[in-house]
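See below for the structure under consideration.
The values are calculated or read from the model by the stated rules, or taken from the named source; none is laboratory data. Please read these numbers as outputs of a predicted model, since none were measured by experiment. For neighbour counting, all protein chains shown are included, and Cβ atoms are generated from backbone atoms with ideal geometry for every residue, glycine included.
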Amino acid sequence: MNARIDVTPDGTREREARLREEIAAWMDAHLSGRFACLRYRGGPGDEDAFPALRKEWERELAAGGWTGLGWPVEAGGRGWSVADQVVFHEEYARAGGPGRMGHIGEGLLGPTLVACGNADQRARFLPGILAGTQFWCQGYSEPGAGSDLANVRTRAGRQPDGAWRIDGQKVWTSLAHDSEWIFVLARSDAQSRGNKGLSFFLVALDQPGVEIRPIRQMNGGAEFNEVFFDGARAEAVDLVGEPGDGWRIAMTLLGFERGISTLGQQMQFIRELDWVIEAAKEAGVDGDPSIRARIAQAWAGLRVMRHNALRMLGAQGANAAQDKSALIYKYYWSNWHRDLGQLAMDVLGEQANFVDSATSLMDGITKRSRLQGVFLFSRADTLYAGTNEIQLNIMAERGLGMPKEPRGQA
């Protein structure tokens, strides 16, 4: 399967080829030695793999100039075009680059501070994110406000000295146990309802009043966490925007989540589909008409996903929040990935039911184990970051202009 998509139809193929060679050569030289065990590791469902070493890898990337590629030059980035960023993501994945520990800071918070933060916040936080020395997690979802983000109940109360007291709970907080900071959407107006009266805070995790509890998943990992706030403190200077401006800032950040960062996710999907194809050949089921048809459908679905991502990025740049093509993205990829997990199990057949303790070239984890992990983790894809039902409502209401679904009183 050829994952490469031509994003340079304007006669710049020579320049693209040189860029690909530069990235591939750097990855070959640096993803070696003590970093060699990181090849093809990390990312959703495998975040427990070598977290400390992957943080070192972030600093290695930073030293090589491979962070902040799409950030503006004035913010410390390289100001790369979408086309060049596509090339980087493709070559990074092709070389087996590990899941990025700095993704939430670099891909989500950093661009949000560039767009919505003030000069002081950018000066204090952007350099550490770019250098791979400061790691962030996202405090959005709550037990009663997962898909319905406007139902946030975590409270923020202003203190006499201007700081804010944070009380409440966040859940499904990826990599909180490996982070130093969390950005928190909290209700700063106790009388407000829905998406009004919310504020966006930057909160240090290493302080009294913050407790992090890992959530053990059925695949054995614990990359998600519950985060409890009981009198935690956010300094006055760590409020992004104005009080009550949280919803706008949160939506800006989600636009970046659906933007350029989707390219890395898709490259992981390509890698997983390649594993399924290899497993089908090894199991001798690659000639089965039904298996072949489902592999072909998965391949075609991945191309559709890829072209839609490039379309929405072309329409809106790195922040694709306002483009209607972005509305289908989460629903499409999550269902595609869930179906790929089921295909993986069907390809493995009865072997899918056994835990494999043998080692492989992928440093102690076999292809069968990885595919089992894809199946187990992808069960959650249609639930987190907005359930299928919520996504269909979003497409109907925001994309097609249909009447809003009746909602109960909070």
Please go through the range 221-262 and pick out each residue that is in contact with a Phe, Trp or Tyr (Cβ under 9 Å, 6 or more places away or on another chain), closer than 25 Å to R41 by Cβ and part of a helix (DSSP H, G or I). T262
Which of the residues that make up the range 183-237 are of a type in the set (S, T, N, Q) and either closer than 24 Å to L113 by Cβ or at pLDDT 95 or above (or both)? S188, N195, S199, Q207, N225
What's the total number of residues in the range 225-242 that are of a type outside the set (G, A, S) and over 23 Å from the mean Cα position of the chain (by Cα)? 8
Across the range 364-378, what is the total count of residues that are polar (S, T, N, Q) and within 19 Å of the chain's Cα centre (by Cα)? 1
How about the range 129-202: which strands (runs of 3 or more DSSP E) wholly inside it have at least 2 residues that are surrounded by 18 or more Cβ atoms within 10 Å (Cβ to Cβ) and aliphatic (A, V, I, L, M)? 181-187
The range 301-318 residues that are small (G, A, S), paired with ones that are at pLDDT 75 or above and not in a helix (DSSP H, G or I) (beta carbon under 8 Å, 6 or more apart): A318/G70
Looking at A318, A300 in this structure, which one is at pLDDT 95 or above and under 28 Å from V82 (Cα atoms)? A300
For the range 147-164, check the following and say yes or no: at least one residue is within 26 Å of K55 (Cβ to Cβ), charged (D, E, K, R) and in contact (Cβ under 8 Å) with a residue 12 or more places away in the chain. no
Filter pass, V82 being more than 15 Å from the chain's Cα centre (by Cα), within 30 Å of E16 (Cβ to Cβ) and buried (at least 21 other Cβ atoms within 10 Å of the Cβ): no
For the range 39-55, enumerate the residues that are part of a helix (DSSP H, G or I) and either without any contact (Cβ under 8 Å) to a residue 24 or more places away in the chain or over 16 Å from H103 (Cα atoms) (or both). A52, L53
